[in-house]
Amino acid sequence: MADSPLAWWRRQGLRFRLTVAAAAVLALALALSASVLVSVLERALMDTVDESTRQQAQAVRVAADGGTLTSPITTHDGTLVQVIDDRGRITHVTYGTDRLVPLLDARARAKVLAEGKATLLDGRPYAIPGFLRVIVLRADRGQTVVAARPISEIQTSLVTAGKVLLIGTPALVVLLAVASWLMIGRTLRPIAALRKGAADITHTARSRRLPVPESRDEVHSLATTLNGMLSRLEEAEQRQRGLVSDAAHELRSPLASIRLQLEVALGHPEGQDWRETAEGVLEDTLRLSRLAEDLLALARLDERGGVPARREPVDLDEVVRQSADRYAEARLTVCDPVVVRGDALDLSRVLTNLMDNAVRHTASKVEVALTADGVLTVTDDGPGIPAQDRERVFNRFTRLDTGRSRDEGGAGLGLAIVRETVRAHGGTVSLEDAEPGLRVVITLPVARG
């Protein structure tokens, strides 16, 4: 089955389609322009002939009314004139004009007089080559003035102009098609370079960038945008590789501990305290479970692209109260009613991570406050974090020297989850010096209405 013309057209290259479209539009425009030009030219020439013929007829009518006509009538531009009396006889003519047969019979003369416009007449029956433009005016005493002007020269000029346009228009179309083909080719050359650059990019490339053209046009903007996208993809890939590497490193320690404890227990079963072994394995298993949960939470945040799982009203004060009640060291100082839009489970995880960190490092107490403007603070009186490290601790798998032992906390994902979740809810998080201790400040947009 043959393809439809539309399907064939869609399969053609962009350069071919743009060239054909430009040539077709130009051909149509030139054809319309040529038609209008010939029509306007013909109308202008005919109007000029009609006006000149009418002036000659007016001059003859004035002379006829005054009785000063001479025979033959003299005209300066070759106009043919007949003066017909009320009985239909030709009384005066110009030189070479028929004195016996009127150019127009009585009925035709009456029609032209009624219309008040010139008419077209074939001059061959009157031994005049070509066509004539005829004007009829009424004079005194029933006389009629018939003036005619040959238009063979005008017709010849129009035919010549038509031939020139008929030859010149296709030539212009071909010339534009060739120019369009070359110009479009040069325009698409940067796109071809982009395509080649994209084809050369492999998954093993360290730095993947597309060539950017020098011209500041749409192709330049496209290349810049694509390079920005490649930069983000490269950054995401590096983060993913780093996450996998760090996760593998974190998993090795508890797995190695579990394996060692089991190997020792199985190697010396008679002197082994199986309850102590089970407790050690359980502790490492719980650590693995927390790590898996944190990794899953980060993966879900990355998958959603920084958007919360749900956008529903959440009573943040209720979430804060429930989280603070689970910790004996926590004291809720201020808890104003606050409603935010987001996911209650994600916000609860944020509070849990902050409370775990605060309780782990506090010396005596943890203070939690929530104000009506959506500012949440969690303050402990522990050793705090040096100012130069307060931004770094939000990176994934980042732990300070005081927290690197297995008993001193998790894998360094808690604050990373906090920042990603708060950003997904449109808020900010920062660390401040509580003198002594550390204060975590979270600001979330309050839902209005």
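The values are calculated or read from the model by the stated rules, or taken from the named source; none is laboratory data. Note that the structure is predicted; figures quoted are calculated from it, not measured. When we count neighbours, we look across all protein chains shown, and the Cβ atoms used for this are built from the backbone with ideal geometry, even at glycine.
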* Asked: From Leu301, Leu295, Leu282, which residue is of a type outside the set (Lys, Arg), surrounded by fewer than 17 Cβ atoms within 10 Å (Cβ to Cβ) and either under 56 Å from the mean Cα position of the chain (by Cα) or not in a loop (DSSP other than H, G, I, E, B) (or both)?
  -> Leu282
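Can Leu137 be described as buried (at least 16 other Cβ atoms within 10 Å of the Cβ), free of Cβ contacts under 8 Å to residues at least 60 places away in the same chain and in contact with a Lys or Arg (Cβ under 9 Å, 6 or more places away or on another chain)?
On the way: buried (at least 16 other Cβ atoms within 10 Å of the Cβ): yes; free of Cβ contacts under 8 Å to residues at least 60 places away in the same chain: no; in contact with a Lys or Arg (Cβ under 9 Å, 6 or more places away or on another chain): yes.
No, not satisfied.
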* State yes or no: is Arg149 touching a residue at least 24 places away in the same chain (Cβ under 8 Å), within 22 Å of Ser39 (Cβ to Cβ) and among the charged types (D, E, K, R)? => yes
* For the range 258-294, how many residues are within 30 Å of Asn395 (Cα to Cα) and of a type in the set (S, T, N, Q)? -> 2
* To do: Select, from Leu30, Leu69, Leu100, the only residue that is loosely packed, with under 11 Cβ neighbours inside 10 Å, over 14 Å from Arg149 (Cβ atoms) and hydrophobic (A, V, I, L, M, F, W, C).
  => Leu100
* Structure fact -> Being outside any loop (DSSP other than H, G, I, E, B), in contact with a Leu (Cβ under 8 Å, 6 or more places away or on another chain), within 23 Å of Arg17 (Cβ to Cβ) and modelled with pLDDT of 80 or more narrows Val219, Val173 down to just Val173
* Asked: Which of the residues that make up the range 313-326 are touching a helix residue (DSSP H, G or I) at 6+ places or on another chain (Cβ under 8 Å) and surrounded by fewer than 16 Cβ atoms within 10 Å (Cβ to Cβ)?
  -> Gln322, Arg326
* To do: Please verify whether the range 233-250 includes one or more residues that are in a helix (DSSP H, G or I), modelled with pLDDT of 80 or more, in contact with a helix residue (DSSP H, G or I) (Cβ under 9 Å, 6 or more places away or on another chain) and not assigned by TED's automatic domain parsing to the domain that holds Ile184.
  => no
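Inspect the range 159-166 for any residue being surrounded by 15 or more Cβ atoms within 10 Å (Cβ to Cβ), over 33 Å from the mean Cα position of the chain (by Cα), of a type outside the set (Gly, Ala, Ser) and within 25 Å of Asp50 (Cβ to Cβ) and give the result as yes or no.
Initial filter on the range 159-166 (surrounded by 15 or more Cβ atoms within 10 Å (Cβ to Cβ)): 161-162, 165.
Next cut, over 33 Å from the mean Cα position of the chain (by Cα) only: 161-162, 165.
Filter once more, keeping what is of a type outside the set (Gly, Ala, Ser): 165.
Of the ones still in play, those that are also within 25 Å of Asp50 (Cβ to Cβ) are 165.
Yes: the range 159-166 contains one or more residues that are surrounded by 15 or more Cβ atoms within 10 Å (Cβ to Cβ), over 33 Å from the mean Cα position of the chain (by Cα), of a type outside the set (Gly, Ala, Ser) and within 25 Å of Asp50 (Cβ to Cβ).
Look at Asp380 and say whether it is surrounded by fewer than 21 Cβ atoms within 10 Å (Cβ to Cβ) and of a type in the set (Asp, Glu).
On the way: surrounded by fewer than 21 Cβ atoms within 10 Å (Cβ to Cβ): no; of a type in the set (Asp, Glu): yes.
So Asp380 does not fit the description; no.
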